[in-house]
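Nothing in this text is a laboratory measurement; each read-out follows from the coordinates by a stated rule. Not measured: the values here are computed from a predicted model. Using ideal geometry, Cβ is built from the backbone for each residue, glycine included, and neighbour counts are taken over all protein chains shown.
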Amino acid sequence: MKQKRVAAIHDISCFGKCSLTVALPIISACGIETSVIPTAVLSTHTGGFKNFTFRDLTDDIMPIVNHWKQNNIEFDALYSGYLGSIEQVEILKEVFDKLKGKDTFICIDPVMADHGVLYGGFKPEFPKSMSSLCAKGDLITPNITEAVFMLGEEYTQGPYTKEYIDGLLCRLAKITSGSVVLTGVYFDDQKLGAGCYNVKTGQISYAFAQRIDKMYHGTGDVFTSSLLSAYLCGKTLEQATAVAVEFTALCIKDTKENFPDMWYSVNFERNISKLIEKVK
Ligand code: PXL
């Protein structure tokens, strides 16, 4: 038997639960070996904290990859998230080319923006650069803001129409050769979820959960980490999207109802056993 193995390429925000401190526990809990390339070390994430430290690890990325190559280390999936600069995006293209084997699945979460605004520290040209990286993905998982920024379109607030989201998915399918799972989709005030364009079938589908009226950081990382885990555990892309929508909604609901002090992220830890059940 061979254990599946993922390389997760994100920053480490030492406090705040996002990127690697979310991807590593979630993917590992699903039984998948998780190697990491930390792209930067921050004292906290950038959402709501001031004066955080930021140590750039760009110069360490290729030496790590080259050492892995020398040791013939192979991966079932490469998973990139928050990248701190256009230079890092360019390096990631080379990383994917070097580490991709015949059956390696490339999952790109183009983390950079939400609610119509770019995260602090990103230049206006960053989305264009990120969209060129997305060309290499077998799966990309933007939220609606990231999607419209990569397409050079205006951001509008929801509720959205199905025609608009179907159109966005089709336009996103042109910037990647892979599938697209678009997050933050809602057609009314009751339900929130994701739209999925499956490149293998050409089909568009949707998955929704009860909308909880509260915004938390790190939920995009919970979403894509659980989606990728479910997919690697053998679920179809549509089933994996539903797993990720349900698990992320569960973590948000639990945090809102039971952990009022946890403003900086969600409590995914005490719900992780439910994710393990869902991916089986
Ligand atoms: O969750 C995405 C993310 C990852 N890494 C850093 C962030 C954020 C979102 O704010 O600030 C450093």
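Structural remarks
- Residues GLU94, GLU146, GLU125, GLU74 in ascending order of nearby Cβ atoms (within 10 Å, fewest first): GLU125, GLU94, GLU74, GLU146.
- Least to most buried among VAL95, VAL22, VAL199, VAL181 (fewest other Cβ within 10 Å first): VAL199, VAL95, VAL22, VAL181
- Amide H within-cut-off set for THR44, under 5 Å, with H built and near neighbours excluded: CYS14, PHE15, THR53
- Positive-end residue of CYS233, SER132, GLY218, charge dipole of the chain with Cβ unit charges: CYS233
- Hull volume per residue, based on the alpha-carbon atoms of the range 29-75 and their convex hull, is 101 Å³.
- Computed lengthening from CYS14 to TYR119, 0.36 nm per intervening residue step minus Cα-Cα distance: 36.0 nm
- Highest mobility in the GNM of the chain, judged by mean-square fluctuation with C-alpha springs under 10 Å and restricted to LYS200, LYS100, LYS128, is found for LYS200.
- Each Lys or Arg adds one and each Asp or Glu takes one away; over the other residues whose Cβ falls under 14 Å from the Cβ of ASP109, this sums to -4.
- Efficiency of FRET between MET1 and HIS67 - r from beta-carbon atoms, R0 41 angstrom, step 0.05: 0.95
- Counted by Cβ distance under 12 Å from LEU83, the other residues give a net charge of -4, where Lys and Arg count +1 and Asp and Glu count -1.
- Cα-Cα over 20 Å, subset of LYS98/LYS128; LYS4/LYS235; LYS4/LYS100: LYS98/LYS128
- Extension gain for the segment LYS162 to THR201, taken as residue separation times 0.36 nm less the Cα-Cα distance, is 12.1 nm to one decimal.
- In plain terms, the residue of HIS217, HIS67, HIS10 with the fewest other Cβ atoms within 10 Å comes first and the most crowded comes last, giving HIS67, HIS217, HIS10.
- Kyte-Doolittle mean at least -1.0, axial Cα span of 24 Å or more - DSSP H helices of the chain: 237-258
- Of LYS253/LYS278; LYS136/LYS278; LYS162/LYS200; LYS17/LYS278; LYS191/LYS253, pairs whose Cα-Cα distance is over 19 Å: LYS136/LYS278; LYS162/LYS200; LYS17/LYS278
- Amide H contacts for ASN143 (H built 1.01 Å from N in the peptide plane; partners 5 or more residues away or on another chain; cut-off under 5 Å): THR183.
- If you take the alpha carbon atoms of the chain and fit the smallest convex hull around them, that volume is 119 Å³ per residue.
- Other residues lying with their Cβ under 13 Å from the Cβ of VAL180 contribute a combined charge of -2, Lys and Arg counting +1, Asp and Glu -1.
- Its Cα centre serving as origin, the range 5-279 has a Cβ charge dipole (Lys and Arg +1, Asp and Glu -1) of approximately 260 debye.
- From helices alone, the chain scores -12000 deg cm²/dmol at 222 nm; the rule is -39500 (n - 2.57) for each run of n ≥ 4 DSSP H residues, then divide by the residue total.
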